[in-house]
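Every number in this text was worked out from the coordinates using simple rules, so none of it is lab data. Given the structure is predicted, the values throughout are model-derived calculations rather than measurements. All Cβ positions, even for glycine, are placed from backbone atoms using ideal geometry, and neighbour counts span all protein chains on display.
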């Protein structure tokens, strides 16, 4: 999240300078962490990894415990004009990172994908959407286990759907969460 | 394989015209199918699917029953500078098509990937290579079963290795072979 981190640092420097100048900055800080940072992650995270950026994938919704992403068909067709298997993989893999950032913040944990299985059900002839969610219980378990033992395993399962709501593929991703070294 | 098909058609038209002109063309035809077509498939297949082309993947070896492909790190880094999981997926998925073309030719069968599982073992800090093979017995079984029953299931397993020979990921792809409609 280099670009997001850089923008966040810039915003924080601006807030520090305002504080040094004796201005009231609490509401600015609150607005930044509640509203601006999540929007920055949503808008910028598809741009951070060049491979992901080139696919044109977009995050249409992002909040703690939930992300929705859409992959356009354009740029991602295979030799028979339907969506390439690798673009569907990227649609299933990439949103996990922003989901975990939106859920746990940027500074405490590092998620690593250890295994990802794609099942291809039907050819995709248009844009494809995926929704990934974590329940409040699962969010709590992952956090507690990572803090207590230094790691936690968890799974994100997705259904990749056409605009008509048909399932074109399914994904099962395994992640390992670790605490960030300070 | 649109581009390869088009080049193949052009070469065949040239051979037909030579035959119509009364020239001896048997050796040209033989050279085309033995030497030129496999090289065309090897050189051009990474260019056919834009998503694959953008990754810069190359086929370094291709023959019936065997393919070797290499993915460069450049263009394919993730946010921490190692190879993005999706680039490793593409390295595992894409060479299956050319391998099957080199093994069975272009006109008889259509392979479809139905399932692909990636296991990520180690971060890749440089180019990554995969070799996929089919044994003579397996080649024969797939052909016989497809002809007899209209389809055959088979698996391609790969180890994705760094230049130093370390395994950075493993892949298991399931395919279904079907006869091409005439």
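Laid out as a table, the results:
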quantity: Positions within the stretch B:140-161 being part of a helix (DSSP H, G or I) and surrounded by fewer than 17 Cβ atoms within 10 Å (Cβ to Cβ), in sequence order; calculated: B:140, B:141, B:143, B:144, B:145, B:147, B:148, B:149
quantity: Some residue of the stretch A:70-84 being farther than 28 Å from residue B:47 by Cβ and either within 11 Å of another protein chain (Cβ to nearest Cβ) or assigned to a loop (DSSP other than H, G, I, E, B) (or both); calculated: no
quantity: Single match in B:91, B:101 (criterion: part of a helix (DSSP H, G or I), in contact (Cβ under 8 Å) with a residue 60 or more places away in the chain, under 26 Å from residue A:112 (Cβ atoms) and within 13 Å of chain A (Cβ to nearest Cβ)); calculated: B:91
quantity: Subset of the stretch B:119-136 [within 19 Å of residue B:98 (Cα to Cα) and out of contact with any strand residue (DSSP E or B) (no Cβ under 7 Å at 6 or more places or on another chain)]; calculated: B:134, B:135, B:136
quantity: Condition met for residue B:126 (surrounded by fewer than 22 Cβ atoms within 10 Å (Cβ to Cβ), on the phi > 0 side of the Ramachandran plot and either more than 9 Å from chain A (Cβ to nearest Cβ) or in a loop (DSSP other than H, G, I, E, B) (or both)); calculated: no
quantity: Given (1) more than 9 Å from chain B (Cβ to nearest Cβ); (2) in a helix (DSSP H, G or I); (3) within 12 Å of the chain's Cα centre (by Cα), number of the condition residue A:106 does not satisfy; calculated: (2)
quantity: Residue B:115, sole failed condition from (1) under 12 Å from the mean Cα position of the chain (by Cα); (2) closer than 20 Å to residue A:91 by Cβ; calculated: (1)
quantity: Residue that is surrounded by the fewest Cβ atoms within 10 Å (Cβ to Cβ) [pool: residues in the stretch B:61-77 that are within 25 Å of residue B:142 (Cα to Cα) and touching a strand residue (DSSP E or B) at 6+ places or on another chain (Cβ under 7 Å)]; calculated: B:61
quantity: Tally of residues being within 12 Å of chain A (Cβ to nearest Cβ) and more than 15 Å from the chain's Cα centre (by Cα) across the stretch B:26-44; calculated: 0
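A quick yes/no check of all residues on (1) under 21 Å from residue B:96 (Cα atoms); (2) within 15 Å of the chain's Cα centre (by Cα); (3) without any contact (Cβ under 8 Å) to a residue 40 or more places away in the chain:
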site	(1), (2), (3)
A:46	no, yes, no
A:54	no, no, yes
A:59	no, yes, yes
A:72	no, no, no
A:77	yes, no, yes
A:81	yes, no, no
A:84	yes, no, yes
